[in-house]
Each structure stands twice: as structure tokens, then as C-alpha cells.
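Here the structure is laid out as C-alpha cells; the discussion comes afterwards.
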Amino acid sequence: MAVILVADDDENFSKLLEELLRKAGHWVQRAVDGQIGPLLDGRTLDLAILDMQMPGGGAPAAALRLRAHPATAKIPIMIVSAMPVEKQREWFKDTAGMMFLRKPASIDDIHAAIAALLPKTGS
């Protein structure tokens, strides 16, 4: 079971994603903006799923916060946004450990991206 942060200001999308992730056995914490905290209830994160365009700086600001904290500096990050993937990538200097999907992303694409990003052992 992975601990996954979903940060997206689209409440319908984030609730749907939360439901899908919980059904897959993950623990999910939702946030509505880029002002996310790196630790949730004393747990470290295994994965962050971020929207590019949301209050508080969006995915670029949230990713910087995650990368600046030792507990979350190396976690994988998935960007899921209506912005074209090529434009999403332009906002990040280092895309190692990142995946980019364009909304509306299919459930299969989201599950495949999560499987690719999370370690095969442990989560």
C-alpha cells in the first residue's frame, strides 16, 4: 500500500482519483493547491500526483516543496493536467522520477503510470 498525495483544485477529479486509488489499496491524502505539506500524519509520501494549474503555484511550486524536504526529496511525481505534456515538461529542469499525463487521462493510463513510478517492492 502506497501513501499518495493528490493535489488538484478540481474537486470532482481529485475525488474520483482518490476513490480509484483507495480501491487499489492505497492511502490517499488530497490537497486543493500547491501549498502542500511534505509529511502527512507522520507518514512520508510514496508518490505525489499534482495538477499543473492550481492555486499556490501549482505543480511547479508543490514539486519544489517536495524536493526541498529530505523525507520527500526523491519520491516520484506524476503531473496530470489539461496542459499539453510538452508544455508541462517545460516547467521542470529535472524530470527524473516524473511522469506527465494530459487530462482527461484514462484510468488505465493512470494505473500504468503509478505502477511504473512506484517501486515493485514495498509499496
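The values are calculated or read from the model by the stated rules, or taken from the named source; none is laboratory data. Note that this is a predicted model, so its numbers are computed, not measured. Cβ: placed from backbone, ideal geometry, glycine included. Neighbour counts: every protein chain shown. Each accessible area value is taken on the protein alone, full model and side chains, heavy atoms only, with ligands, DNA and RNA left out. Shrake-Rupley method; radii C 1.70, N 1.55, O 1.52, S 1.80 Å.
The share of C-alpha pairs in the chain whose separation exceeds 22 Å stands at 24 percent.
Relative contact order for the chain: 22 percent, from Cα pairs under 8 Å spaced at least 6 residues apart, divided by residue count.
How much area per residue is accessible in segment 1-74 when the probe is 1.4 Å and only protein heavy atoms are counted (Å²)?
48
Remark: segment 22-31, residue by residue, has Karplus-estimated 3J(HN,Hα) of 4, 4, 7, x, 8, 9, 10, 10, 9, 9 Hz, where x stands for each Gly or Pro and the curve is 6.51 cos²θ - 1.76 cosθ + 1.60 at θ = phi - 60°. Over the chain, with every protein chain in place, what whole percent of the accessible area is carbon and sulfur at 1.4 Å, could you tell me? Of all accessible area on the chain, carbon and sulfur atoms account for 54 percent.
What you get for the chain, charging only the Cβ of Lys and Arg (+1) and of Asp and Glu (-1), is a dipole of about 360 debye around the Cα centre.
If you keep only loop residues by DSSP, which GluC sites (Glu not before Pro) in segment 1-37 have at most 16 other Cβ atoms within 10 Å of their Cβ?
Taking segment 1-37 and a limit of 16 other Cβ atoms within 10 Å, no loop GluC sites (Glu not before Pro) are found.
The residue among Ala68, Gln88, Gln53 whose Cα reaches farthest toward the positive pole of the charge dipole of the chain, with charges on the beta-carbon of Lys, Arg, Asp and Glu, is Ala68.
Of all DSSP bridge pairs formed entirely within the chain, close to 5 percent run antiparallel. Going by the alpha-carbon gyration tensor, a ≥ b ≥ c the square roots of its eigenvalues, is segment 57-123 rounded (a/c under 1.5) or, if a/c is not under 1.5, prolate (a/b greater than b/c) versus oblate? It comes out oblate by the Cα gyration axes.
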